[in-house]
Amino acid sequence: MLQTAKESTSETHGKFIWCELMTSDTEAAGRFYSAVLGWSVKPMPMEGMTYHLFEIGEGDKCPGIGGMMTLPAELAGHVPPNWSGYVAVDDVDRTARDFEAGGGMIHRQPEDIPGVGRFAVVADPHGAVINIMTPLPVDDMPTAPEGAPGTVGWYELYANDLQEAFDFYAGTFGWTRDHDHDMGPMGVYRIFAEHGKAIGGMMARPESVPVPCWVYYFNVDGLDAAIARVTAAGGNIVHGPMEVPGGSWIAHCTDPQGAFFSLVSMRR
């Protein structure tokens, strides 16, 4: 049985809490995102690997927005460099089972990350991959102001079937429909909310997108200037700049290693 909003026991269940880049070259990717988004990169040695934190600002206690790791050898050649998100859940093991029971898949069984929390890698019934985590309590964790440059500003799902995907995530994470936007021949764009706050959108997958997937938008202060930084640092602009309903400007990009990401700004 899928977990529903009524069964959720915390105000964080269903909240995006982290973004992570798996890449073929962490050193080059770190330089790229530092140049484009102003992040600082902090190595964090772990057993058998080095994890890199993406932070805003300099110093010992800066807001962290995400992390980076080398694409695992078993995935190299099968999965391209990519961004993925983490959603907080009350019980990772139960939610992983919910994904599977609802027609999805568990790609990595729940396991503990010492000092961080318990996580799993799952996919929805259409195959879009996402991470779920029950994080351990962290004291005095700095956070960046909402909408600050470098933070994640929007989460977007390309699904094989919009209504099926929305119903699945509504049942699993407790997300709700905020409103729909008619895109004409492209169909409906559904804005979804987490605990009453609009955080992202879902739409039927365009033919140009090969597989169902999640896309992550990073806030920038001025889209044209950010686009110039992307190309100067060796990245590519796939689509944009484009104005979207509400007055924001967006662009879809790839970094030099091929990972897809997006930019969003309130001004061109």
Item to check | Contact order normalised by residue count of region 110-178, Cα under 8 Å, 6+ apart, percent | outcome: 21
Item to check | Partners for LYS197 among aspartates and glutamates (Cα-Cα distance below 15 Å; same-chain residues under 8 apart left out) | outcome: GLU11, GLU146, GLU156, ASP178, ASP180
Checklist entry - So what does MET203 come to for accessible area, using a 1.4 Å probe and Å² rounded to 10? => result 10
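Does region 1-148 classify as rounded, prolate or oblate by the C-alpha gyration tensor (a ≥ b ≥ c root eigenvalues; a/c under 1.5 gives rounded; else a/b over b/c gives prolate, otherwise oblate)? Spell out each step's value before the answer.
Working: a/c = 1.95, a/b = 1.33, b/c = 1.47.
Verdict is oblate for region 1-148.
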Checklist entry - To the nearest 20 debye, what charge dipole does the chain have about its Cα centre, counting +1 at the Cβ of each Lys and Arg and -1 at the Cβ of each Asp and Glu? => result 440
Checklist outcome for this item: Loop-resident GluC sites (Glu not before Pro) in region 147-254 with no more than 10 other Cβ atoms inside 10 Å, DSSP not H/G/I/E/B, are GLU207
Next on the checklist: Please report the carbon-and-sulfur percent of the accessible area for region 40-118; probe 1.4 Å, protein heavy atoms only, DNA, RNA and ligands left out.
Outcome noted: 54
Item to check | Most to least accessible of VAL211, VAL79 (protein chains only, probe 1.4 Å) | outcome: VAL211, VAL79
Checklist entry - Given the protein chains as shown and a 1.4 Å probe, how many square angstrom of ARG108 are accessible, to the nearest 10? => result 110
Checklist entry - Picking from PHE260, ALA225, THR176, whose Cα lies most toward the positive end of the charge dipole for the chain (charges on Cβ: Lys, Arg +1; Asp, Glu -1)? => result ALA225
Next on the checklist: Given an 8 Å cut-off on Cα distances and at least 6 residues of separation, report the relative contact order of region 1-111 as a percent.
Outcome noted: 37
Checklist entry - What is the gain in length, in nm to one decimal, between GLU27 and GLN163 on full extension, counting 0.36 nm per residue of separation less the C-alpha to C-alpha distance? => result 44.9 nm
Checklist entry - Relative contact order, percent, of the chain when contacts are C-alpha pairs under 8 Å separated by at least 6 residues? => result 19
Next on the checklist: If you count only protein heavy atoms with a 1.4 Å probe, what accessible area per residue comes out for the chain, rounded to a whole Å²?
Outcome noted: 49
Item to check | Efficiency of FRET between LYS61 and THR12 - r from beta-carbon atoms, R0 22 angstrom, step 0.05 | outcome: 0.55
Next on the checklist: Take VAL209 and ALA76, extend 7 Å from each Cα along the Cα→Cβ direction, and tell me the distance between the two endpoints in nm.
Outcome noted: 2.9
Checklist entry - ASP112 accessible area, nearest 10 Å², 1.4 Å probe? => result 100
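The values are calculated or read from the model by the stated rules, or taken from the named source; none is laboratory data. The structure displayed is predicted, hence computed values, not measured ones. Virtual Cβ from ideal backbone geometry, glycine too; neighbours counted across all protein chains shown. Accessible surface areas use protein heavy atoms only, side chains included; no ligands, DNA or RNA. Shrake-Rupley method; radii C 1.70, N 1.55, O 1.52, S 1.80 Å.
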